[in-house]
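I have placed the structure first, in the form of structure tokens, so that the comments after it can refer back to it.
What follows is calculated from the coordinates using simple rules that are stated; it is not laboratory data. Owing to the predicted nature of the structure, the values given are computational and were not obtained by experimental measurement. Reconstructed Cβ throughout: ideal geometry from the backbone, glycine too, with neighbour counts over all protein chains shown.
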Amino acid sequence: MTHRTARTRRTFLKQSAALSGALAAGTLGAPLIGRAQAPAIKLGVLHPVTGPLSYSGQLCRLGARIAIDEINAAGGIRSLGGAKFEPIYADTPSPQAGTSEVEKVNEQGVAAIVGAYASAICLATTQAAAKYNLPHLVDVGVADQIVERGMKNVFRFGPGYKKITEDAVKYLQSMNALAGNPAKTVMIIHEESLFGTGTANLLSQELPKVGFEVREVIKHANPTRDFANIVLRIKTVNPDIVIPANYYNEYALLVRTMRQQAVKPMAVFSVLGGAASSFKFVDEFPDVASGIIDVNHWYNPKNKDALALRKKVEAMKDQYFTYEVFLNYETVYLLADALERAKSAQRDAIIDALASSSWDRHFMPYGPTKFVNSQNTGAQPMTLQVRGKDISVVLPPAYAETAPVFPWKG
Amino acid sequence: MPDPSILLAALLNGLTQGAVYALIALGLTLIYGVLHIINFAHGAALMLALYAVYFLYARAGVDPYVALPIVAAAMFGLGYALQRFVVGRASHGRDENILLVTLGIAIVMENLALAIFRSDTRTIETAYTFATVNIAGALIPVAKLAALAGALVITVLLYALIARTDLGRAIRALARERQGARLVGIDAEHVFAMSFGIGFACLGAAACFLMPAYYVNPTVGSGFVLIAFTVVVLGGMGSFGGALLGGFIVGIAESLGGLAGMALGLGENMGQLAIFVIFIAVLLLRPQGLFGARA
């Protein structure tokens with residue numbers, strides 16, 4: 001179910017711009033004292049823009065930058081006299097760098113932090129920010145430990161991997177049931193870090209409860225230069241469904257090798273798959289990507305604001321509309337809403353405003369925002385399938401653009 | 001005991017993957033093994049060569065194998081210039097300086113690539129990207145068989161260059177006795193730069209064989225550089241045959257180790273552990289490497 005108010009983001013931006021313009025022109029009655037420009041609100045934008053995660057980190061920064069530019073162009077934060085965001089961009093390629101960048105942006109007097117993409121980096125940055133009671137909005141960071149440490153300054157807008165894995169199991173079961181339960185066995189291929197291992201462990205516990213036999217779980221290194229052996233093993237074990245949980249490069253190599261070795265399970269059903277939710281992969285390898293299913297962060301495909309942002313990003317040279325972009329975009333807007341209501345850029349006031357947030361003018365399929373113990377309780381993943389040259393939401397039914405095709409006979 | 005057909009397939013996969021490692025290590029064995037220049041920029045140079053192959057294919061439609069002479073020549077020029085005008089001048093012949101200078105070059109190259117090409121992973125899809133050859137039931141990718149052939153040919157060419165040409169004799173002389181080589185009139189700076197250039201040209205060739213089956217991004221080289229050093233030390237410093245054999249051993253150890261790791265439920269990454277177990281064993285039993293001469 002969507003819970004959007006009649007007032008969309010567009011109208012909000014237009015009204016903000018008009019109001020700010022009117023205030024600046026002094027046409028709304030009360031004279032402005034001294035007409036001084038409201039002090040800027042410094043915002044720490046922390047992402048790994050160099051190093052192995054730089055592709056994702058740069059997309060994260062792009063999403064945050066678009067939102068900041070839009071909000072500033074529309075007149076800034078109205079309740080603070082049109083105060084504009086002054087972003088302080090920092091590079092956090094590792095947890096250690098994350099900690100030191102939090103120290104630096106804190107010294108520079110930021111009101112809040114948005115970031116820092118990878119779970120391990122978010123664990124470090126949230127902890128460092130907690131020392132200064134500095135509001136930290138987590139953009140992606142799916143490890144649930146990030147929100148389970150009782151830190152009052154941490155707010156995660158998107159879902160964690162426990163929620164994503166539970167939904168993935170539920171959707172896989174319902175898809176299988178709809179097809180007459182043809183699939184009975186699965187094989188999980190995961191990368192070796194916190195994200196892949198945690199996801200694989202949860203899947204291994206949950207899948208047998210709904211009738212799937214987990215034939216084998218294979219861990220691989222980052223980077224893995226060759227997937228031939230893993231694909232040989234898939235051939236030997238011959239599972240009905242292959243579940244990868246890994247990053248883009250390894251994901252792409254794995255499914256390319258599967259195609260090369262003519263391995264065709266009933267489905268490649270990914271959980272937080274690196275490539276299956278990537279328009280770049282679909283563009284580059286449409287035949288390989290075709291039919292792949294992924295349970296991942298996604299926007300409400302029926303929302304006009306989401307489609308407008310997608311168009312805007314795709315019009316940029318060599319840019320793709322990925323979850324890194326739209327999650328960061330929405331996280332900045334979540335902060336803007338909290339600042340509007342807090343009427344203050346003080347850290348305590350922002351934390352209180354975020355904790356009581358019921359923000360619903362976003363385009364994610366989450367409903368009104370409600371934080372319980374740092375986590376937005378309405379956040380949920382979508383099940384996506386590559387169909388032709390596009391990625392379509394196939395589950396849950398309330399957001400589905402088309403029905404899932406399972407088993408895939410491509 | 002795994003199925004013999006799976007074992008054969010894993011062996012062949014290891015052998016062909018090992019050929020890719022050997023290709024990358026051949027250039028290094030000339031630079032590091034013969035001249036003892038510790039070139040930490042080897043991985044970053046491979047990355048640049050992979051970008052060259054990518055752009056030639058994506059922008060000009062030049063097939064990676066057709067691009068081989070172009071990329072090898074360009075990489076030779078880059079290597080020659082780097083040694084002659086940067087590494088040689090900045091290091092003043094001291095090993096610790098060379099190490100730091102090449103490390104600095106690697107950082108500059110990677111960050112330049114990040115600024116110019118951005119951090120995207122790029123791949124190419126040629127007509128033979130998914131083509132395989134059936135060898136006793138094992139489907140071996142055509143691109144990897146081409147890499148195997150390429151590794152054999154380049155090994156022979158390098159061997160001939162070192163054994164039969166004046167340049168080769170000059171390189172060997174410099175490797176043995178630098179001062180003496182200078183005294184008999186060898187232009188040491190030129191020969192060092194030529195060796196560096198040839199090492200980089202080998203990387204150019206390796207990139208042409210690697211790109212159809214792999215990808216490129218600014219950090220791709222770091223995944224290969226440690227393997228390349230392992231192959232060179234394993235095979236014996238300065239031995240091209242050793243680098244080839246070292247590459248095969250590393251590839252097969254990784255493949256069979258991965259297979260055993262999966263069978264035991266320990267994960268495919270056991271293959272990487274197997275590489276270093278063999279490496280340590282060789283260093284303990286034969287410290288000079290398989291084909292290296294005793295000091």
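State the Cα centre-to-centre distance between the stretch A:143-210 and the stretch A:91-124 in whole Å.
27 Å
Mind running the shape call on the stretch A:44-138? Use the C-alpha gyration tensor, a ≥ b ≥ c as the square roots of the eigenvalues: rounded below 1.5 for a/c, prolate if a/b tops b/c, oblate otherwise.
Oblate, because a/c is 1.5 or more while a/b does not exceed b/c.
Going highest first, how would you order A:380-386, B:266-272, A:356-362 by mean Cβ packing within 10 Å?
A:380-386, B:266-272, A:356-362
Under the Karplus relation 6.51 cos²θ - 1.76 cosθ + 1.60, θ = phi - 60°, what is the ordered set of whole-Hz ³J(HN,Hα) values for the stretch B:16-28, x standing for Gly and Pro?
Per-residue couplings from phi come out as 6, 5, x, 4, 5, 4, 4, 4, 6, 7, 4, x, 5 Hz.
Taking amide H atoms as placed 1.01 Å from N in the peptide plane, list the residues 5 or more away in sequence, or in a different chain, whose amide H sits under 5 Å from that of A:ALA245.
A:ILE189, A:HIS190, A:GLU191
When 1/r is averaged over all different Cα pairs and the result inverted, which Kirkwood radius in Å belongs to chain B?
Taking the inverse mean of 1/r over all distinct Cα pairs, chain B comes out at 19.5 Å.
Taking every residue in A:236-246, how many Cβ atoms of other protein chains lie within 10 Å of its Cβ, on average?
Across A:236-246, the average partner-chain Cβ count within 10 Å equals 1.
How large is the Kirkwood hydrodynamic radius of the stretch B:147-197, counting all unique pairs of alpha carbons, in Å?
11.7 Å
Report, by chain and number, residues whose modeled amide H sits under 5 Å from the one on A:THR185, excluding near sequence neighbours (fewer than 5 apart, same chain).
Here A:GLU213, A:ASP240, A:ILE241 satisfy the definition.
Within a Cβ distance under 14 Å of A:LEU253, other residues only, what is the Lys/Arg minus Asp/Glu net charge?
-1
Got a sec to turn the phi values of the stretch B:248-265 into Karplus ³J(HN,Hα) couplings, 6.51 cos²θ - 1.76 cosθ + 1.60 with θ = phi - 60°, whole Hz, x for Gly and Pro?
4, 4, 4, x, 5, 4, 4, 5, 6, x, x, 4, 5, x, 5, 5, 8, x
In peptide B:251-260, what is the residue-averaged number of other protein chain Cβ atoms found within 10 Å of each Cβ?
Taking the mean over all residues of the peptide, I get 3.
Amide H neighbours of A:LEU395 under 5 Å, counting only residues 5+ apart in sequence or on other chains, H built in-plane at 1.01 Å?
It is A:THR383, by chain and number.
Shape call for the stretch B:208-282 from the C-alpha gyration tensor, a ≥ b ≥ c root eigenvalues: rounded (a/c under 1.5), prolate (a/b greater than b/c) or oblate?
oblate
Placing +1 on the Cβ of each Lys and Arg and -1 on the Cβ of each Asp and Glu in the protein assembly as shown, which of A:TRP408, A:TYR329, B:THR230 has its Cα farthest towards the positive end of the resulting dipole?
The residue sitting most towards the positive pole is A:TYR329.
Beyond 23 Å between alpha-carbons counts as too far, so tell me which of A:LYS184/A:LYS264; A:LYS104/A:LYS312; A:LYS317/A:LYS389 fall in that bin.
Table pairs above 23 Å Cα-Cα are A:LYS104/A:LYS312.
For a test of the definition: using alpha carbon positions, the gyration tensor, and the 1.5 limit on a/c, classify the stretch B:76-214 as rounded, prolate or oblate.
oblate
Roughly how many Å is it from the Cα centre of the stretch A:367-384 to that of the stretch A:255-326, as a whole number?
Going from one Cα centre to the other spans 22 Å.
How much net charge surrounds B:GLY137 when only the other residues with a Cβ under 12 Å from the Cβ of B:GLY137 are counted, with Lys and Arg +1 and Asp and Glu -1?
With Lys, Arg at +1 and Asp, Glu at -1, the neighbours total 0.
Counting Lys +1, Arg +1, Asp -1, Glu -1, what net charge surrounds A:LYS184 among other residues with beta carbon under 15 Å of its beta carbon?
-1
What does the structure give for B:137-143 when I average, per residue, the other chain Cβ atoms found within 10 Å of the residue Cβ?
Per-residue shielding by partner chains comes out at 3.
Packing-wise, with mean Cβ within 10 Å as the measure, how do B:252-258, B:279-285 rank, highest first?
Per-residue Cβ counts within 10 Å, averaged per peptide and sorted highest first, yield B:252-258, B:279-285.
Quick check on the protein assembly as shown: what are the equivalent-ellipsoid semi-axes from the Cα gyration tensor, as sqrt(5λ), descending, whole Å?
Largest first, the protein assembly as shown gives 49, 33, 21 Å.
Within straight cross-link reach of A:LYS370, meaning Cα distance under 28 Å, which lysines are found once same-chain residues fewer than 8 apart are removed?
Partners within reach: A:LYS14, A:LYS42, A:LYS84, A:LYS131, A:LYS152, A:LYS162, A:LYS163, A:LYS170, A:LYS302, A:LYS304, A:LYS343.
Per residue of the stretch A:377-385, in order, report the coupling 6.51 cos²θ - 1.76 cosθ + 1.60 (Karplus, θ = phi - 60°) as ³J(HN,Hα) in whole Hz, putting x for Gly and Pro.
3J(HN,Hα) across the stretch A:377-385, in whole Hz: 6, x, 5, 8, x, 10, 9, 10, 9.
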